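Peer 1: This is the structure I have questions about; it appears just below.
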Amino acid sequence: MGVRDSVRSLADLDALADLDALVLAAVVWFLAKFLRYAFPPLFPAFRDAYGVENGELGIAFTAMMLVYAAMQFPSGALADRFGRVPVVTVGALVAAAGALALVPASPFAVLVAAMVLVGAGTGVHKTVSVGLLSTVYPNRTGRALGVLDTFGAFGGVAAPAAVVFVGGAAGLAAGLDWHTVFLAAGLAGVVLAAAFAVRLSDRKTDDATGRGGVSLREYGALFRKPRFAAFVLVTVGFSFAYNGVVAFLPLYLTDAAGLGDALAGALYSGLFVVSLVQPATGELADRLTPLRVVAGTLSVASVGLAGVLVGASPLLVGASVLVFGLGSHGFRPVRGAYLLELVPDELAGGGLGVVRTVLMGAGALAPAAVGLLTEYATYRAAFTLLLVALVVAAAVALSLLATE
């Protein structure tokens, strides 16, 4: 091997080492989404194992998601105060503890407690990791966040597949059951937490660590800044529209658009498969500025949702679903990148946490609103409301771009 080859090999090793923060953050996020999305497919098994009904399982799942939402702000504030790596590490361990608690046979109360632990542990990751990756990859933030969100999306794909496998013939023949899913996930969480702490403890991942406490008043003052408040409106409008569509799209396609169950199911899967666009829009944000991509992706999503409403043929409706998915998934990683431009470094974690709490709260209201409208009005009326919310978000984003 010549000197030139040796230098090239060392450069390749440095490039790989530079990806450690992204890879570890993305894999932890994959595991977080995997754990959360593993519960709904297991509800039938839980009913048999614990002798409970759907209502009790629904309350347990709601408790998990409420804790998840509630952790957004405190996790960001703690990261501002103590550092990002310790917060992510502790969160991964808490989620792993929740998963491992479900390995032995236990009463229903343990399932509820375990779900709450999973909600708390996974709830700290996204907010803190956005700030971490923006610090480690300052010139590639959009691309890094695109990779992070793509890994998370496929955690949601992998969880139902794992549940089907352990409950199928091959899994049963190997002596597996649903407890195995949580055993594997819990052990993986412990390993990833250790790797995260050891590998990134000496990396520069914190801009704000050591600057002392930040008061709640300082976080609240962010909302008095017009551009910040306007962009919060953008994120709330998008979250309301997206969560409403995701919750009721299969029923809309069959009951309102007249599509068959098989085609509706395929289009619903396609809505998530197009999440592969996220690294591309993240890279575009690095090249063109995040706000331009925000305005563009929200406009694309609005056109797609409008097509779903007015489409006169299965082909047009199907294409519109995919267009909506491309715009929606394309927006999500860029949202965090632009928020970080609006928030001072010392408030980055808590500021992002506040916004994520607000937008997830708005998103949680959407399924209830859509459900009531479908019951007392029509599916088209409900989806028109979602389209209005999305168009307002796109319009505000375009106004921010015009006044930049």
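The values are calculated or read from the model by the stated rules, or taken from the named source; none is laboratory data. All figures in this text were calculated on a predicted structure; none of them were measured in a lab. All Cβ positions, glycine included, derive from the backbone under ideal geometry; neighbour counts span all protein chains shown.
Peer 1: Helices (runs of 4 or more DSSP H) wholly in segment 222-296 with at least 2 residues that are under 18 Å from residue 395 (Cβ atoms) and in the same structural domain as residue 325 (by TED's automatic domain parsing) - which ones?
Peer 2: 226-251
Peer 1: Being over 20 Å from residue 142 (Cα atoms), modelled with pLDDT under 80 and either surrounded by 20 or more Cβ atoms within 10 Å (Cβ to Cβ) or not hydrophobic (A, V, I, L, M, F, W, C) (or both) is true for just one of 349, 361. Which residue is that?
Peer 2: 361
Peer 1: Against the definition (modelled with pLDDT under 75, surrounded by 14 or more Cβ atoms within 10 Å (Cβ to Cβ) and under 25 Å from the mean Cα position of the chain (by Cα)), how does residue 208 come out, yes or no?
Peer 2: yes
Residues are listed down the side, and each one gets a yes or a no for (1) over 22 Å from the mean Cα position of the chain (by Cα); (2) at positive phi; (3) touching a residue at least 40 places away in the same chain (Cβ under 8 Å):
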| site | (1), (2), (3) |
| --- | --- |
| 130 | no, no, yes |
| 136 | no, no, yes |
| 142 | no, no, yes |
| 163 | no, no, yes |
| 168 | yes, no, no |
| 183 | yes, no, yes |
| 189 | no, no, yes |
| 192 | no, no, yes |
| 201 | yes, no, yes |
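Peer 1: In segment 183-201, is there at least one residue being farther than 30 Å from residue 136 by Cβ and either assigned by TED's automatic domain parsing to the domain that holds residue 25 or among the hydrophobic types (A, V, I, L, M, F, W, C) (or both)?
Peer 2: Looking through segment 183-201, at least one residue is farther than 30 Å from residue 136 by Cβ and either assigned by TED's automatic domain parsing to the domain that holds residue 25 or among the hydrophobic types (A, V, I, L, M, F, W, C) (or both).
Peer 1: Given the criteria surrounded by 20 or more Cβ atoms within 10 Å (Cβ to Cβ), of a type in the set (Lys, Arg) and touching a residue at least 12 places away in the same chain (Cβ under 8 Å), does residue 380 qualify?
Peer 2: In short, no.
Peer 1: For residue 122, indicate whether it is modelled with pLDDT of 85 or more, under 24 Å from residue 194 (Cα atoms) and among the polar types (S, T, N, Q).
Peer 2: Taking the combined requirement at face value, the residue satisfies it.
Peer 1: Then there's this: If only one of 161, 184, 170 is within 25 Å of residue 23 (Cα to Cα), modelled with pLDDT under 85 and surrounded by fewer than 18 Cβ atoms within 10 Å (Cβ to Cβ), which one is it?
Peer 2: The conditions single out 161.
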